[in-house]
Amino acid sequence: MNYSEFKKATFWKKAQNENVICLLCPRNCVIKEKGLGFCKTRTNKGGTLYSLNYGCSVALTEESIETEAIYHYMPGAKILSLGNIGCMMNCDFCQNWETSQMRHVDMKNIIRVSPKEVVDSALKRGIKILSWTYNDPVVWHEFVMETAKLAKQCGLLNLYKSAFYLSEEVVRELCGVIDIFSISLKSMNDEFYQKVTKAKLSPVLDAIRIVSAHKKHLEISQLVVTDLNDHDEEFEKISCWIRDNLGKQTPLHFVRFHPAYKYKHVSRTPLDRLYRAKHIAEKVGLQYVYIGNLYKEGAADTVCPVCKTILVERFGLKIKVSDGLSKEGNCLKCGEKSNISLNNHDAPINNLNEQMQNFKNRYSRREGSFHWNREINSVLIFL
Ligand code: SF4
């Protein structure tokens with residue numbers, strides 16, 4: 001191992017016998033000389049903790065902000081998505097397991113990038129938002145912080161998509177540079193967390209409360225896994241917790257699961273369970289509840305909770321902002337504040353209206369279905 005290529009880690013302390021304790025996530029791994037933490041991205045060399053994945057990235061991808069389960073911030077905005085390798089959790093149903101679980105990573109797919117290269121790449125493409133996503137950005141914290149700071153200096157925004165199992169000090173540091181948080185809450189059951197994700201629930205909830213207290217843009221999603229966390233009690237608990245701790249305006253996304261990793265023996269999430277989740281969350285009082293990963297009309301529209309005007313129409317990842325939404329993000333019909341932040345972002349909306357209509361026409365002309373019960377990386381569909 002050539003340690004000169006690695007980066008000295010932040011958030012750790014020395015322990016007895018030249019061991020170190022990593023403080024990045026609540027797991028607090030005690031790491032011996034040349035040993036690795038649970039995430040396999042941090043090692044101890046001579047009593048100092050090093051990050052092994054600094055600047056190790058999967059290919060940078062241009063996507064739209066809706067890909068990250070963010071519907072209330074600059075709808076339709078382009079983002080530059082970055083992911084790296086490793087994870088502080090190990091969810092049996094992980095949808096990104098080929099990069100999140102180190103033993104499965106194919107290093108041929110990994111490139112080395114510098115903070116400046118990432119920022120330059122976004123600027124060159126006219127992209128205003130960097131999205132820290134895929135495996136989990138927690139485990140390349142040093143690279144995220146350095147790049148996110150540089151991005152801000154260059155007028156860019158940062159989006160952080162994470163399962164949010166991290167230390168409170170780290171959350172506070174992130175709040176200094178991250179503008180938009182998309183947090184995946186796996187369940188409201190601690191036993192589920194420990195057994196299925198190998199983490200714990202309460203640090204995740206505490207970390208989410210800190211983001212909310214910092215008044216950052218925040219949306220929550222739950223991956224609804226068939227026969228695992230897809231029952232009424234679960235939907236009610238997550239909805240009530242969000243209403244009582246983050247406010248009823250906080251968007252909640254129930255995301256459709258596809259079979260992956262150790263969860264290949266079940267089918268995709270049945271539609272009735274997703275609609276049931278949406279119904280329960282709305283009944284509990286949440287104002288903006290969405291179904292993600294689903295191409296069905298109405299599943300992901302933003303509707304004014306008072307007068308029911310459609311404010312943003314979505315079909316898959318295509319969006320159409322309605323004339324009923326003011327530049328300030330309020331419903332023009334009844335005046336209700338929607339909490340949608342357009343952030344002076346009105347340029348792409350007309351294009352998107354047209355794009356979505358074309359897409360919808362094409363899609364509805366040839367709608368079909370297939371039984372999806374095995375892991376699929378890509379599907380080529382001729383329309
Ligand atoms: S970030 Fe990795 S090494 Fe550090 S405590 Fe968490 S799992 Fe352990």
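The values are calculated or read from the model by the stated rules, or taken from the named source; none is laboratory data. Predicted, not measured: the structure shown is a model, and the values here were computed from it. Here the Cβ is made from the backbone with ideal geometry for all residues, glycine too, and neighbour counts use every protein chain on show. Heavy atoms of the whole protein, side chains included, go into the accessibility calculation; ligands, DNA and RNA do not. Shrake-Rupley method; radii C 1.70, N 1.55, O 1.52, S 1.80 Å.
A count restricted to the stretch 11-50 and to residues that are in contact with a helix residue (DSSP H, G or I) (Cβ under 6 Å, 6 or more places away or on another chain), within 20 Å of residue 198 (Cα to Cα) and not hydrophobic (A, V, I, L, M, F, W, C) stands at 3.
In the set (1) open to solvent by 50 Å² or more (accessible area, probe 1.4 Å); (2) farther than 30 Å from residue 187 by Cβ, residue 121 fails one condition alone, (1). When residues in the stretch 136-149 are screened for being closer than 25 Å to residue 109 by Cβ and either within 12 Å of the ligand (Cβ to nearest atom) or surrounded by fewer than 21 Cβ atoms within 10 Å (Cβ to Cβ) (or both), 9 of them pass. Against the numbered list (1) more than 16 Å from residue 40 (Cα to Cα); (2) over 15 Å from the mean Cα position of the chain (by Cα), residue 94 comes up short only at (2). Every listed requirement among (1) of a type in the set (S, T, N, Q); (2) closer than 22 Å to residue 273 by Cβ; (3) part of a strand (DSSP E or B) is met by residue 158 save one, (2). Note on the stretch 291-302: residues that are in contact with a strand residue (DSSP E or B) (Cβ under 6 Å, 6 or more places away or on another chain) and either open to solvent by 60 Å² or more (accessible area, probe 1.4 Å) or farther than 24 Å from residue 257 by Cα (or both) total 1. Pairing each residue of the stretch 16-36 that is modelled with pLDDT under 95 with any residue that is within 9 Å of the ligand (Cβ to nearest atom) and of a type in the set (A, V, I, L, M, F, W, C), provided the two are 6+ apart or on different chains, yields no C-beta distance under 8 Å.
For the stretch 39-49, filtered to residues that are open to solvent by 10 Å² or more (accessible area, probe 1.4 Å) and in contact with a strand residue (DSSP E or B) (Cβ under 9 Å, 6 or more places away or on another chain), the residue that is farthest from the ligand (Cβ to nearest atom) is 46. Being in the same structural domain as residue 62 (by TED's automatic domain parsing), assigned to a helix (DSSP H, G or I) and either open to solvent by 50 Å² or more (accessible area, probe 1.4 Å) or within 16 Å of the ligand (Cβ to nearest atom) (or both) is the requirement here; does residue 116 meet it? Against the criterion (in the same structural domain as residue 62 (by TED's automatic domain parsing), assigned to a helix (DSSP H, G or I) and either open to solvent by 50 Å² or more (accessible area, probe 1.4 Å) or within 16 Å of the ligand (Cβ to nearest atom) (or both)), residue 116 qualifies. Residues in the stretch 58-104 that are modelled with pLDDT under 90, out of contact with any strand residue (DSSP E or B) (no Cβ under 9 Å at 6 or more places or on another chain) and within 16 Å of the ligand (Cβ to nearest atom): 4 in all. The residue that is farthest from the ligand (Cβ to nearest atom), counting only those in the stretch 1-15 that are in a loop (DSSP other than H, G, I, E, B) and at pLDDT below 95, is 2.
When the stretch 230-276 is limited to residues that are in contact (Cβ under 8 Å) with a residue 60 or more places away in the chain and open to solvent by 30 Å² or more (accessible area, probe 1.4 Å), the one that is nearest to residue 73 (Cα to Cα) turns out to be 249.
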